[in-house]
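Structure first, then comments.
The values are calculated or read from the model by the stated rules, or taken from the named source; none is laboratory data. It should be emphasised that the depicted structure is a prediction, and the values quoted were computed from it without experimental measurement. For neighbour counting, all protein chains shown are included, and Cβ atoms are generated from backbone atoms with ideal geometry for every residue, glycine included. Just the protein is used for accessible areas: all its heavy atoms, side chains included, with ligands, DNA and RNA removed. Shrake-Rupley method; radii C 1.70, N 1.55, O 1.52, S 1.80 Å.
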Amino acid sequence: MLKGKHIVIGVTGGIAAHRALDLASNLVKAGVEVHVIMTAGAREFIRPLAFEAISGNRVHVDTFKAPPGWRYPHLELARRADLAVIVPATANILAKLACGMADDLLTTTVLAMVCPVLVCPAMNAYMYRNQAVQENLSCLRRRGFIIVEPSVGRQACGDEGPGRLADVAVIMERIGQVLDPPKGDLAGITALVTAGGTREPIDPVRYISNRSSGKMGYALARAAANRGAGVYLVSGPTNLEPPEGVKLVHVETAAEMFRAVMELYPRVDVVVKAAAVADYRPRVTATQKIKKEDDGLVLELEKNVDILLELGKNKRHQLLVGFAAETEDLINNARRKLVKKNLDMLVANDVMQPGAGFGTDTNIAKLIFPDGRIKSLPLMDKLELSDRIWDEVLQLRANAGQKDTAD
Ligand code: CTP
């Protein structure tokens, strides 16, 4: 499965650098063409000759010295690579990648890469827990780097905690998953999921928003990606880590969400609109912070576009799934929305019930269909509910396929 692939191993300066030799050896045995880039720090721990003996290729160390026949080492390496893996990744390389620096061959090459990049951190536990390191890791995750989490245990320096390089077997497994992803039952489907609440600015420091945590939308995106779908996640501001393998588009206002969703709409097969879009925005956004003067303040609001309604009006091949958060008369309100917005399914939940409100990890949903069917689901984890929703989407697609054939 890995045979014939080109993999660049970036080795940086940590005590775990010698474990990169095992990785290189395993990859070569699997038939991979391995090119190694070593930073100056890495060369303090291991001599390039060790990697040359294993990979059969010269080790790359210099941005300005190209091997014979190559013009620019960083571009040649980036162009050929099916995947790059940085092992071990020190706190320093994480910071440089997060800043987009290009001050040596490894950072410059990674900037030029369009292939997946795996990053395998290894460092002292206190360094690993440091907020700067954690923020750099979050930033890299957001940008699509795949982080192979370090393991926890006793470290070379004597400290205990997280920061030991992941096992080479685990790194090999992740490489396999990335280069040959598991084919799930949603493979071949492109899904667009919206998540979180929108923020409608009042002035530079204040906004109107709602209690949405984004958890439902993120769970839906995660479940779809796990089952092999291509997933765009258009998200309002949240505190959540984006699921792996999902293309994340950050938005803030309803207007931004509308633009992002409409741009992606023609390319997708299914839209699941879990976002809690603000229905209104301040008519005017003050350019300066509003100062308190009188006893009261009147804000004039104007209506935001109803994104789902617009999607319903412009529906072609797509399946549309809406959400309805209600506090009373759940079924009737939900049915009205289903019809008005031209949906194929509506996930209704009574947010007044314990376990179904905003910010929880669970939900209690009723799935409502245009043919009048209602499926009442018990309290369940949002990831489990997501899987139930995707099961229904698959069923709806199968039904639509049968109908097309009959027509
Ligand atoms: N929705 C949307 N754009 C809006 C408002 C809502 O796309 N401006 C979508 C939500 O993402 C959700 C569905 O419409 O999937 C239902 O949202 P909800 O707020 O419950 O319904 P509304 O139509 O806004 O009705 P109301 O607020 O009156 O209950």
Query raised in the report: Sorted by packing (mean other beta-carbon atoms within 10 Å per residue), highest first, where do 373-385, 322-334 land?
Result: 322-334, 373-385
Requested in this report: Please give the length that would be gained between D203 and L264 if that part of the chain were fully extended, namely 0.36 nm times their separation in residues minus their C-alpha to C-alpha distance (nm, one decimal).
Outcome: 19.0 nm
Requested in this report: May I ask you to derive the relative contact order of the chain, considering only C-alpha pairs under 8 Å and at least 6 residues apart, and to give it as an integer percent?
Outcome: 10
Report summary line: Counting only DSSP beta bridges with both partners in the stretch 6-179, the antiparallel fraction in percent, to the nearest 5, comes to 20
Requested in this report: Place a label point 7 angstrom from the Cα of N210 along the Cα-to-Cβ direction, then list the residues of the stretch 368-400 whose backbone nitrogen is under 18 Å away.
Outcome: 368
Report task. Measure up K5/K215; K5/K315; K215/K366; K289/K337; K315/K375 against 29 Å on the Cα-Cα distance and list the ones that go over. Result -> K5/K215; K5/K315; K289/K337
Query - Per-peptide average of other Cβ atoms within 10 Å, ordering 356-363, 255-262 highest first - result: 255-262, 356-363
Requested in this report: Based solely on C-alpha atoms, express the radius of gyration and the Dmax of the chain in angstrom.
Outcome: 25.1, 78
Query - Reachable aspartates and glutamates from K3, criterion Cα separation under 17 angstrom, eight or more residues apart if same chain - result: E33, D82, E173, D180
Query - Protection-proxy order for peptides 147-156, 281-290, each taking the mean of Cβ atoms within 10 Å per residue, highest first - result: 147-156, 281-290
Query raised in the report: For the chain, what is the percent of antiparallel DSSP beta bridges, rounded to the nearest 5?
Result: 30
Query raised in the report: Viscosity 0.692 mPa s, temperature 37 °C: Stokes-Einstein D of the stretch 311-386 from its Kirkwood Cα radius, in µm² per second?
Result: 257
Report task. Quick one: divide the alpha-carbon radius of gyration of the stretch 6-179 by 2.2 N^0.38 Å and tell me what you get. Result -> 0.95
Query raised in the report: Which value at 222 nm does the chain reach when only helices count, each DSSP H run of 4 or more adding -39,500 (n - 2.57), with the total divided by all residues and rounded to the nearest 500 deg cm²/dmol?
Result: -10500 deg cm²/dmol
Requested in this report: Enter the accessible area of H35 (Å², nearest 10), with the probe set to 1.4 Å and all protein chains included.
Outcome: 20
Report summary line: Distance in Å, no decimals, from the C-alpha centre of the stretch 141-157 to the one of the stretch 289-368 is 39
Report summary line: The extension gain from Y280 to E160, computed as 0.36 nm times the residue separation minus the Cα-Cα distance, is 38.0 nm
